[in-house]
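Everything below concerns the one structure shown next.
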């Protein structure tokens, strides 16, 4: 706790000095000191455990805050060349000396920063025309991955085409991806780190999660559930009517300081959207989500309440939609209360 009295309307600078170590947070990782004075560093963020966003490494704001970030990164006394991989705008000042500029739309869940021995990675880059939009991309493959980089690139670009067609425009200036056998599969703004089987899942998050962001930690279930409904092989775009006798389940924790995304967001959350598809039709649900995506954009954020309202109002004001949220998102028994008279405007 830092206690200090500051005059209003004044500007101050706070200097902090601390060693770079693994964060004091559940299942933290991302820092390995390797042989021959080399290292592997990865921001290694997670929404499944508390304290695993940017606050793992730097002083950071809450997830609903947006702010620019300037980050200077210097690697000294390295025994071999290293490569920086990031979704920031990067200016290489010299060997192993980088200046990173993250945009004003950045949140604590946005920054990807990886430093890896250069001999361990290869990359491919280009600009992909995807449904009328050109998407610049750079894809890195760690040498622990057996699949050829051309195959990985084709999988990524095919995913781009699916998502621009079914969801909408890619909202970021470019895409950066890192694939490793031991990588943490995690999404960032216009970027990912991933294992091979998770390429499409993590790429989709640059539309939902790090395109349209969750408004709070508690709203993080939405993007995981919708991602699973869109990208899970054999379970995407299914129709699974609700069984109103199933036990209640909580996806949204209303506590103001809820810090984690529930693990059941993936399986149960996917089934919630499959149940909504039974009420709205698959095409109707997908169209409703695409409309919401376009309306919110990169600078906005989505709450669970706003999602419920939107789907209910465009879904013919079917009371079963609100009942689904009441029982299978908020975890409440009985019947959902009737909405206000002007709920749908």
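The values are calculated or read from the model by the stated rules, or taken from the named source; none is laboratory data. Only a predicted model underlies this, so the values are computations on that prediction, with no experimental measurement involved. Note that we place each Cβ from the backbone using ideal geometry, even for glycine, and neighbour counts take in every protein chain shown.
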*How about segment 74-181: which strands (runs of 3 or more DSSP E) wholly inside it have at least 2 residues that are buried (at least 17 other Cβ atoms within 10 Å of the Cβ)?*
82-86, 97-102, 113-117, 121-130, 133-142, 175-179
*Restrict the check to segment 56-66 and report whether at least one residue is outside the structural domain of residue 300 (by TED's automatic domain parsing), touching a strand residue (DSSP E or B) at 6+ places or on another chain (Cβ under 7 Å) and assigned to a strand (DSSP E or B).*
no
*Pick from 24, 28, 17: which is under 19 Å from residue 180 (Cα atoms) and in a loop (DSSP other than H, G, I, E, B)?*
28
*Right, residue 264: more than 16 Å from residue 163 (Cβ to Cβ) and exposed (fewer than 14 other Cβ atoms within 10 Å of the Cβ) or not?*
no
*When segment 237-252 is examined, which residues are found to be closer than 18 Å to residue 226 by Cβ and within 27 Å of the chain's Cα centre (by Cα)?*
237, 238, 239, 240, 249, 250, 251, 252
*Does residue 218 fit the bill of being farther than 23 Å from residue 127 by Cα and modelled with pLDDT under 95?*
yes
*Which number in (1) out of contact with any strand residue (DSSP E or B) (no Cβ under 7 Å at 6 or more places or on another chain); (2) modelled with pLDDT of 95 or more; (3) surrounded by 15 or more Cβ atoms within 10 Å (Cβ to Cβ) marks the one condition that residue 23 misses?*
(2)
*Please tell me if residue 49 is in a loop (DSSP other than H, G, I, E, B), in the same structural domain as residue 110 (by TED's automatic domain parsing) and surrounded by 13 or more Cβ atoms within 10 Å (Cβ to Cβ).*
yes
